[in-house]
1. Most exposed first by the Cβ proxy, i.e. fewest other Cβ within 10 Å, how do A:Tyr79, A:Tyr72 rank?
2. What ranking of A:Trp31, A:Trp201 emerges when the number of other C-beta atoms within 10 Å of each C-beta is taken as an exposure proxy, fewest first?
3. At A:Asp188, with labels set 7 Å past Cα in the Cβ direction, how many nm apart are the copies from this one, shortest first?
4. Quick one: Cα centre-to-centre distance for the range B:126-191 and the range B:69-106, in angstrom?
5. Quantify how strongly other chains surround peptide B:177-190 by giving the mean number of their Cβ atoms within 10 Å of each of its Cβ atoms.
6. Report the FRET efficiency, 1/(1 + (r/R0)^6), for B:Asp124 and B:Ile11, where r is their Cβ-Cβ distance and R0 is 30 Å, rounded to 0.05.
7. With Cβ to Cβ distances under 11 Å as the rule, what net charge do the other residues near B:Ala68 carry (K, R +1; D, E -1)?
8. Taking only DSSP H segments of four or more residues, each worth -39500 (n - 2.57), what value at 222 nm results for chain B once the sum is divided by all its residues, to the nearest 500 deg cm²/dmol?
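Computed from the coordinates by the stated procedures, all read-outs in this text should not be read as laboratory data. Note that the coordinates shown come from a computational prediction; the quantities given were computed from them, not determined experimentally. Note: ideal-geometry Cβ built from the backbone for every residue, glycine included; neighbour counts use all protein chains shown.
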Protein chains: 2
Amino acid sequence: MRVGTKQNGPIGRPRGFDADEALERAVLAFWEHGYEGASTAILTDAMGISTTSMYAAFGNKKELFRKALERYTAGPGGYLAQALEEPTALGVATAILAGTIRSTTRPAHPQGCMGVQGALAASDAGREVRELLIAWRNDSHSSVRERFQRALDEGDLPAESDPALLARYVTTLSFGIAVQAASGVCRDELQAMADAALRNWPPA
Amino acid sequence: MRVGTKQNGPIGRPRGFDADEALERAVLAFWEHGYEGASTAILTDAMGISTTSMYAAFGNKKELFRKALERYTAGPGGYLAQALEEPTALGVATAILAGTIRSTTRPAHPQGCMGVQGALAASDAGREVRELLIAWRNDSHSSVRERFQRALDEGDLPAESDPALLARYVTTLSFGIAVQAASGVCRDELQAMADAALRNWPPA
DNA sequence: AGAGTTCTGCAGCGATCGCTACATAAGTCA
DNA sequence: TGACTTATGTAGCGATCGCTGCAGAACTCT
């Protein structure tokens, strides 16, 4: 099949699929089933390509997950980076929880958070991916803590506030919301809870 | 091997292992690796018995998990039932969070909560167990909500309080703590966060 | 046109999955 | 003792796991 003859195009037979779209579908499969629960058969079926093409394009399952997690972080998980740019610490906390709730309860998407349910527990074969997600969650916490530290320096938080503790509070609620969403709890109830959780800000 | 001749004892060859102790070891394996991550080989190795004995004594892997979850609920997860007997709503909430933190960060035990990381995401083969754990978590929430409703009826909570919202707040923190513990966050930091989270009680 | 490069479909690799058939061991009955 | 019942060890079932070899297809080069 002659797709199109380009001059100075890449050498060799061109790909018969859109790698970006395939990766996006892999995100959904990992998100829904977790790293170990998403078999190569499930993945390739969701991506619409053969195992050969998947391995040629993405290396192996672990690498595919790595790239899927990056994509998730920039896409459905992008609310975190946006939230960190809110002008106040309360605004940051509010945006994080609202973003978590929206992202984990979006209709026609997997319920929950890929960074939480991707590999919370795993067999020995999934150890590396489990540790990758631990680092992902801890990185999220660190970025919130650093943002709250800045807020403290700017006088946006009381002098006696502990940025690490506040960050732990917000991320714990966020991870907890992800678990609740994976249990089928609806968006409105979680949002009402989040509103209440931030009504006395900052805690402690 | 002649173990001991009882009169009127159970007919047939007696078990060569302690079923209770084997179940307890199965709890640890499921707790650490999750339902699908704990293979029959891992399980039987941890339990110290053969697959034949495991299937004869516990039925199949799904049934073994069911029994392990019961054991977990009564053992490491027993803090919930105890907490519900605290005289005040604040006492209940405090005990739940403290119990969660203790249980999910116990040295020489798996980190996290079996009810959360047992099967937060799974393949199609783990669908039933995943739904079993969803019910387990939702039951936990319901029992807390009912306890807070009682507190409201008793005047232990302000009349404008919403027991469902308060229960959602406490369970969300509890599930979030389980995720943090699975990420290696230490006990003291989580307890400081929990203290702060309940300093303004009830929220909203 | 022919060489070189890359992607695709088919087929199947060794390993492990959950689970079981079968013979034997170890008990309680009459 | 011999019939009956239950547990154990061995050995292996069909299915699926992640992954790959290979031949041919589809392109860009000279």
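1. Taking fewest neighbouring Cβ atoms as first place, the list is A:Tyr79, A:Tyr72.
2. A:Trp201, A:Trp31
3. Copy-to-copy label distances at A:Asp188, shortest first: 4.5 nm.
4. Computed from Cα coordinates, the inter-centre distance equals 10 Å.
5. Mean number of neighbouring Cβ atoms from other chains: 5.
6. 0.15
7. +3
8. Details: 10 runs with 128 residues, N = 204.
Mean residue ellipticity, 222 nm, calculated: -20000 deg cm²/dmol.
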